[in-house]
Every structure is written in structure tokens, then in C-alpha cells.
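What follows is a short report on a single structure.
The values are calculated or read from the model by the stated rules, or taken from the named source; none is laboratory data. Fair warning: this is a prediction, and the values are worked out from it, not measured in the lab. Here the Cβ positions follow ideal geometry from the backbone for every residue, glycine too, while neighbour counts run over all protein chains shown. Side chains are part of the model used for accessible areas, which takes the heavy atoms of the whole protein and leaves out ligands, DNA and RNA. Shrake-Rupley method; radii C 1.70, N 1.55, O 1.52, S 1.80 Å.
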Amino acid sequence: MLKRMVLVIVAFGCAATAMAQDAALGADEARHLLGRTGFAASNSDIRAFATLSRAEAADRLVKSAAASTIAITSPPAWVNDKPIAPAARQAMSQEERQAEQRRNNEHALELREWWFREFLTTQSPLAEKMTLFWHNHFATSQQKVRFTPLMYRQNVLLRRNALGNFGTLLREMARDPAMLIYLDGANSRKEQPNENFAREVMELFTLGEGNYSERDIKEVARAFTGWSIDRESGEFMFRRGIHDYGSKTLFGKTGNFDGDQVIDVLLARPEAGQFITRKLWKEFISSTPDEHEVLKLATGFRESGYNIVKLMRAVLTSDAFYAPQNRAALIKSPVEFVVGTMKTFDIETTNLRPFVIASALLGQNVFAPPNVKGWPGGAAWINSATLLGRKQLIDRLFKNEDRMDVAMRSVDAMAAANGDVAPPGRDARMQRQMERQMGGIRWNLDGWAKAFVGPERDGSVATGIAEMTRVVLPTAPMRSVSSVGNAAEVARQLVADPAYQLK
């Protein structure tokens with residue numbers, strides 16, 4: 001009798017899950033999906049996705065992302081530059097070296113602006129979110145790499161493989177010149193193997209801490225000797241003369257392993273699929289993974305040959321993804337906060353530099369993660385300084401939405417209070433003022449709000465405010481919102497609500 005009851009309960013649970021999978025999402029679930037997989041959820045997109053089932057919605061998103069392997073924003077003109085040859089660099093005067101450093105610093109800012117433009121204009125926000133996810137997973141900083149074109153090329157690599165095959169992505173990253181410089185692999189030779197990449201490829205890229213030994217690190221380091229860079233072109237080069245061809249023992253297996261064979265060994269271990277799945281769970285579902293569900297997802301991921309599309313489809317159709325306790329349970333990263341604000345409220349500007357700087361001051365300076373572990377994310381995004389910084393930026397934008405210079409002064413003030421980013425100088429500020437006169441910002445909060453509550457819109461004011469709330473917040477406001485006054489004032493109350501920090 002008890003066994004029959006258990007079978008009935010299990011069958012009922014399976015039927016309920018199947019019904020949830022097949023049913024239309026509805027507006028709230030559509031908003032949740034779009035908020036997690038993109039930077040903002042427009043009212044039109046919410047309505048379109050509300051009619052889809054979980055599977056249909058996930059398929060639409062992942063197929064679009066998998067096809068978006070090339071950025072639509074034209075890159076800066078210098079991305080194909082070749083590095084300065086060592087002999088030419090040695091012959092430089094002190095003034096020439098300083099000028100080259102200033103040029104490279106300017107390129108670094110231009111590269112950040114380029115990526116922010118892609119965040120704002122991409123046809124597949126999920127593709128950019130995944131590119132950003134892998135940028136943090138394979139953390140590499142321009143501050144050490146220095147030659148900015150290599151950072152651009154790594155970004156191209158990440159986007160090309162963002163929803164492809166993880167094994168392919170891992171192999172390409174092991175050969176990536178920016179990564180070889182960042183983890184000191186370019187000069188690793190059989191006489192003196194460098195262990196940095198060997199350690200990180202296991203601890204941070206595939207297996208996780210505690211799933212390898214110090215002996216494994218030494219053997220992996222030997223396998224990757226000779227993986228280097230052509231100093232003239234900046235491209236990957238295998239230097240046979242400094243590679244260790246000797247026998248190596250890794251995880252109890254002995255052979256004449258090279259780097260590719262090491263990657264084969266790592267991908268064959270179940271911890272690899274679990275490690276990647278767990279990180280994606282924290283990025284898209286919740287900060288506390290359900291280990292039983294992670295194991296199921298990871299098993300499917302590994303059996304698929306590490307197909308990222310299949311894993312993401314499983315993640316985005318899972319009950320855990322849509323569970324009520326996991327909605328509005330993650331904190332927006334600074335990029336999500338800044339870019340999401342611009343996209344949600346149709347803030348347009350030809351000068352993205354203040355927003356790039358704002359994201360950096362709030363804790364996420366793209367192309368410059370804090371260390372090899374990347375940004376920790378989660379609750380670490382919020383502290384007294386960054387929370388105040390978020391509030392200042394919102395206050396300036398929403399109280400003076402027609403005046404870019406006020407927002408710029410807010411960014412300057414934030415910069416002055418932060419030791420990591422120096423406040424812009426007078427010349428730079430004057431340059432930005434000229435740029436504002438040439439293009440500036442197009443920002444009309446009143447016009448945006450009237451699309452929800454205005455004379456040309458059908459429906460009640462209450463319905464319009466409910467739709468506006470759904471677009472702006474991932475959940476119900478934590479503070480009461482007064483509808484007294486104009487629609488723009490309602491929007492100002494919504495962005496001031498603590499729920500606006502969540503996704």
C-alpha cells in the first residue's frame with residue numbers, strides 16, 4: 001500500500017512538472033526569464049514571451065545566442081595592430097614609452113566602451129551575458145596583458161564559443177595569447193615549468209579546489225611547456241625546443257601527455273561537468289546550488305560532450321529556475337545595473353565613457369577583473385560604498401534626466417572617492433563636455449513613462465502602473481509606491497526601491 005502511494009505521489013509530481021513545462025509562461029515568469037538572461041525586459045518582450053512555454057522560450061533564447069557568435073558593434077580601428085617588436089621597444093626613449101603607455105590606456109577605455117555598446121545593441125543579450133560569464137571564468141586582466149588588441153581578440157574568442165562546446169572553448173583559451181601572458185605560460189619551458197596555468201586550469205577552469213594534488217600541478221605544468229607566443233605577430237606559437245616530452249603521471253595515469261591530452265584527462269573527470277554546472281547555477285538560478293539537481297544537470301552536460309546550449313536549455317527550463325524562492329534572489333552586477341538602467345529607460349548617448357567608469361567604480365571594471373578568481377559576485381557586489389554609489393548614479397540620472405552634465409559630475413565625485421580610479425582631469429572633462437555638445441544624451445523619462453500611463457494608451461492607470469512595475473522590478477516593490485503625481489514620478493520611486501538591485 002505504501003509503495004503504491006509513493007508511486008502515485010511520484011507520478012503526480014511528474015505530471016505537475018510536465019504541465020508546468022507545457023503551460024504558457026505568463027507575464028511574471030516571462031519577466032523573470034528575460035531579467036536573468038538579459039540586461040532588461042521590455043514590455044513588448046514580456047508580452048511576446050508570456051505566450052510561450054518554458055521549452056519554447058528557452059529554445060528561442062539559446063538558439064539566438066548560439067547564432068550570435070560575432071559582435072554587431074564595429075570594433076576600434078587598432079584591434080588588428082601588431083605588438084611592438086622587442087628590439088624596437090628597447091630602442092624607445094622614455095618619452096616614447098610614456099606616449100605608448102598613454103595610447104594603450106586610451107585603447108583600454110575604448111575597448112570597454114565598445115563592449116558596453118555591444119551590451120546595449122546586441123540582438124542576443126544572452127550571448128553577451130554568457131560572454132561576460134566566461135570572461136569572469138577565464139579571468140584575464142588588461143593591466144597585466146597590457147597590449148589591448150590581445151584583450152579584444154580574447155573577447156572575440158569567448159563570444160564565438162560562449163554557447164558552443166566547453167571542451168573547444170577550453171582548448172582555445174589554453175592557446176589564447178592574453179591568457180598565456182596573464183598566467184605566465186608564454187615563457188614556461190622544460191627546464192623551469194611555470195605552474196600558474198597548470199594550477200588554474202584545474203582549480204578555476206575545470207575541477208575546482210581540492211580535486212587535484214600538488215603532483216598533478218607539476219605534471220600538468222610540464223605538459224604545457226612550449227605553449228608560447230610569436231613576439232612579432234602576437235599569435236600562439238608552439239616552441240618544440242622547450243617542450244617537455246618526458247613521461248608524466250596525472251590522476252594515476254601515465255603517458256607522454258601534452259597540453260591537449262591533459263585537457264582530455266580533465267574533461268573525462270566528472271568534477272569538470274559539476275564545476276561548470278555549479279557556476280552556471282549560481283549565475284542564473286540561485287546563490288545556493290541544489291547539489292542533487294546540479295549532479296543531474298552535470299551528468300547530462302558531460303554526456304552531451306559538454307554542449308553548452310544543451311546545458312543552458314536544461315537550466316532555463318528547470319523547476320529550480322522558476323521556483324518562487326529563486327526569483328529576485330540574485331544581486332545585479334554593476335554591469336547589469338548600469339546597462340540594465342540604460343536599456344530599461346531607453347537612455348541613449350554617443351559617449352559611454354561615464355557609464356563605463358561608473359561600472360568600474362561600482363566594482364566591475366570589464367577587462368580588469370580583480371585577480372585570477374575573477375569577481376566573486378553575489379553579496380560581494382554590495383557594500384556601503386557601492387550601494388551609495390548606485391544610489392548616487394540613480395539620483396543624478398532620474399532627478400536630472402535631461403542634463404548629462406549632472407550625471408557626469410556624479411561620476412566624477414564617485415571617482416574622487418575611490419582610490420582605484422583617479423578622478424578625471426580638467427582636460428578630460430572639457431573633452432567630454434565637447435562630446436556632449438556634439439551628441440550628448442537623449443533621455444526623456446516623462447515620454448518613457450507615458451507609454452505606460454498616457455492619453456494615447458488604452459487601459460486604466462492602475463494597469464499601466466502594474467506593467468511599469470513589472471518592467472522595472474523583478475518582484476513586487478519592497479516599499480509602497482504612490483501613484484499620486486505623474487507617471488515619471490512613479491518610475492523614480494521604482495528605481496529607488498531596494499528590489500531594483502535584484503534580478
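Quick look at the values:
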read-out	value
Ser304 paired with Arg60, simple spin-label distance in nm, labels 7 Å along Cα-to-beta-carbon	2.0 nm
Pairwise label distance in nanometres, Ser483 with Asp446, each label 7 Å out on the Cα-Cβ vector	2.2 nm
Electrostatic dipole magnitude of the stretch 47-95 [Cβ: Lys, Arg +1; Asp, Glu -1; Cα centre; debye, to 20]	220 debye
The chain: relative contact order in percent, alpha carbon pairs under 8 Å with at least 6 residues between	15 percent
Structure-based [θ]222 nm, the chain - -39500 (n - 2.57) summed over DSSP H runs of at least 4, per residue, nearest 500	-18000 deg cm²/dmol
Karplus-derived HN-Hα couplings along the stretch 84-96 (A = 6.51, B = -1.76, C = 1.60, θ = phi - 60°), whole Hz, x at Gly and Pro	5, 4, x, 5, 5, 5, 5, 7, 5, 7, 4, 5, 5
Cα-centre dipole for the stretch 169-244 with unit charges at Cβ (Lys and Arg positive, Asp and Glu negative), debye to 20	300 debye
Carbon plus sulfur fraction of accessible area for the stretch 47-164, probe 1.4 Å, in percent	51 percent
Label zone at Glu209 (point 7 Å along Cα-to-Cβ), backbone N below 18 Å, the stretch 169-200	196-200
Pairs of lysine residues in the stretch 201-357 - Cα separation under 24 Å, sequence separation of 8 or more or cross-chain	11
Inter-label distance, nm, simple model (7 Å from Cα along the C-beta direction), Glu348/Gln101	4.1 nm
